[in-house]
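The values are calculated or read from the model by the stated rules, or taken from the named source; none is laboratory data. Since this is a predicted model, take the numbers as computed values, not measurements. Because the Cβ atoms are built from the backbone with ideal geometry, glycine has one as well, and the counts that use them run over all protein chains shown.
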Amino acid sequence: MQKAPWFVVVTLLAVSGCAQRGNQPLAGSEQVTPTPGSGQSQGAPGLARAGTQPLFIITCNRNADVVHYDAQLAADGTLDPKEPVIVYWAMLAQDGRRKDLNWIERKMAYGITIKPDPSADGFEMTIVAAPQRSITVRKVGSSVRAELVIDGRRAVLESMYIDASDGLIGPIVHYVGLHGTDVQTAERRFEKIIPR
């Protein structure tokens, strides 16, 4: 368990989908995601578009809606240099439809900044609300994956889970869980980040 300055994660909840909006909260505990490169987004069949591969998702205990991060491929199978990663909602707490992020969600919470990273033969990406955690997006064989350090080891990111509850002035984030697979050993990796 690591304490980290992820205070901005509160923004994720306060302005977007993890804030309870009269939707059904998720039953049970944390959920883990799709296998990167599987070509299908877990819990949202049919939402992934042709020419994309799932990278990871963000889930929350407050409702069933899920934020998806998918790699977008060019016609030759390489990462699309114009838009290598797309981000969208799977509105599972409602009717299951796919929905684009709104302006606030893109600028303050789930949006990304991404730039080419020749040293990794891919792209360097950060989520707007968590710029201190750099994610490398690159193609390995026939699949594309998102890699970052989880619990001190380089791992393929599969999901982020936000645990929160209601507070007097908005949601209170208890922790963020990072789930992935170690790049070298293929062991499961988990890191719990507690906002200060």
Those residues of the stretch 111-133 which are within 14 Å of the chain's Cα centre (by Cα) and under 19 Å from Pro195 (Cβ atoms), in sequence order: Thr126, Ile127, Val128, Ala129, Ala130, Pro131, Arg133
Search result, residues across the stretch 65-110 that are of a type in the set (A, V, I, L, M, F, W, C), under 24 Å from Lys139 (Cα atoms) and in a loop (DSSP other than H, G, I, E, B): Ala74, Ala75
Test: Arg153 is at negative phi, at pLDDT 95 or above and under 17 Å from the mean Cα position of the chain (by Cα): no
All positions within the stretch 155-191 that are in contact with a Gly (Cβ under 9 Å, 6 or more places away or on another chain), more than 21 Å from Asn63 (Cβ to Cβ) and either aliphatic (A, V, I, L, M) or in contact (Cβ under 8 Å) with a residue 24 or more places away in the chain (or both): Ala155, Val156, Leu157, Arg189, Phe190, Glu191
The stretch 175-196: number of residues that are over 15 Å from the mean Cα position of the chain (by Cα) and acidic (Asp, Glu): 2
Subset of the stretch 93-149 that is surrounded by 16 or more Cβ atoms within 10 Å (Cβ to Cβ), among the hydroxyl-bearing types (Ser, Thr, Tyr) and touching a residue at least 60 places away in the same chain (Cβ under 8 Å) - its residue that is nearest to Leu79 (Cα to Cα): Ser143
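With a cut-off of at least 2 residues that are touching a strand residue (DSSP E or B) at 6+ places or on another chain (Cβ under 9 Å) and among the polar types (S, T, N, Q), name the strands (runs of 3 or more DSSP E) lying wholly within the stretch 134-196.
Values: elements: 143-150, 153-166, 171-182, 188-195.
Correct list: 153-166.
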